[in-house]
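These notes are about the structure you will find just below.
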Amino acid sequence: RPEGARQSPGDRHGPPGLAMTGCHPQGGGVVVLACGNPSRGDDAVGPLLLGRLRRWLHTRDSPLPVTLIEAFQFQPEHALDLCGHRLALFIDAAASGPVPYEFSPVTPHRDASYSSHAMSPAAVLHAYVQTMGPSPPAAWLLKVRGERFGLGEPVSPAVMERLAAAEQWVRDLCLRPEIEYWRCRGPSTRSGTPS
């Protein structure tokens, strides 16, 4: 967590449990936040993709300014994890939508998930704005289409194939941590191979 965090008892703008924080964006770096439940079939795609990215980053000769964060679900506290980053990528599974995935920009928005502990990426960005003041990092959401989400089910073969396509897409983004480049990549529902 950022140093110098201060709680403001009188603050009524942020979601419950999120303290006011002094955040000073450094203008660089990428944060990748992936959520999912490995025990529920294709909902494991977020953690699986993050694991692949972690191994890839560890084998590179030159380091990249990328921070990886894994969670069961997006929560108010993830607004703090956005501090100091210029770009943010949220990754999650989707029960419907384009195949193999959908890549789209996210803007701050107070939706129905804002006051809960399972927030949408838009609500996380809104929490950042409400608690830290400055504009949040430019953010995108990568939703990988799943097929089955039952408790105890394995990841489907179809999603394992989509996972490979999504990994290549995210690698490309990490290699080009530039807002304009990310903008030109999406919104996209293409086959997963960056052009």
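The values are calculated or read from the model by the stated rules, or taken from the named source; none is laboratory data. Only a predicted model underlies this, so the values are computations on that prediction, with no experimental measurement involved. All Cβ positions, glycine included, derive from the backbone under ideal geometry; neighbour counts span all protein chains shown.
Scanning the range 73-83 turns up no residue that is part of a strand (DSSP E or B) and in contact with a helix residue (DSSP H, G or I) (Cβ under 8 Å, 6 or more places away or on another chain).
In this structure, G152 does not satisfy being surrounded by 13 or more Cβ atoms within 10 Å (Cβ to Cβ), assigned to a loop (DSSP other than H, G, I, E, B) and at pLDDT below 95. Could you please let me know if L49 is more than 12 Å from the chain's Cα centre (by Cα), at pLDDT 95 or above and over 18 Å from S120 (Cα atoms)? Against the criterion (more than 12 Å from the chain's Cα centre (by Cα), at pLDDT 95 or above and over 18 Å from S120 (Cα atoms)), L49 does not qualify. Screening R40 with (1) at pLDDT 95 or above; (2) in contact with a Phe, Trp or Tyr (Cβ under 9 Å, 6 or more places away or on another chain) gives one miss only, at (1).
Quick check on E167: is it assigned to a helix (DSSP H, G or I) and modelled with pLDDT of 95 or more? In short, yes.
A quick yes/no check of all residues on (1) within 26 Å of A165 (Cα to Cα); (2) at pLDDT below 90; (3) part of a strand (DSSP E or B):
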{"site": "H85", "(1), (2), (3)": "yes, no, no"}
{"site": "L89", "(1), (2), (3)": "yes, no, yes"}
{"site": "D92", "(1), (2), (3)": "yes, no, yes"}
{"site": "R110", "(1), (2), (3)": "no, yes, no"}
{"site": "S113", "(1), (2), (3)": "no, yes, no"}
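Annotation note: Cβ proximity below 6 Å between a residue of the range 54-67 that is in a loop (DSSP other than H, G, I, E, B) and a residue that is surrounded by 14 or more Cβ atoms within 10 Å (Cβ to Cβ) (sequence gap 6+ or interchain) occurs for L64/C174; P65/G29. The single condition from (1) surrounded by fewer than 16 Cβ atoms within 10 Å (Cβ to Cβ); (2) over 22 Å from Y181 (Cβ atoms); (3) not β-branched (V, I, T) that S62 fails is (2). The number of residues in the range 126-141 that are in a loop (DSSP other than H, G, I, E, B) and modelled with pLDDT of 90 or more comes to 1.
Against the numbered list (1) under 22 Å from S104 (Cα atoms); (2) modelled with pLDDT under 95; (3) of a type in the set (D, E, K, R), D61 comes up short only at (1).
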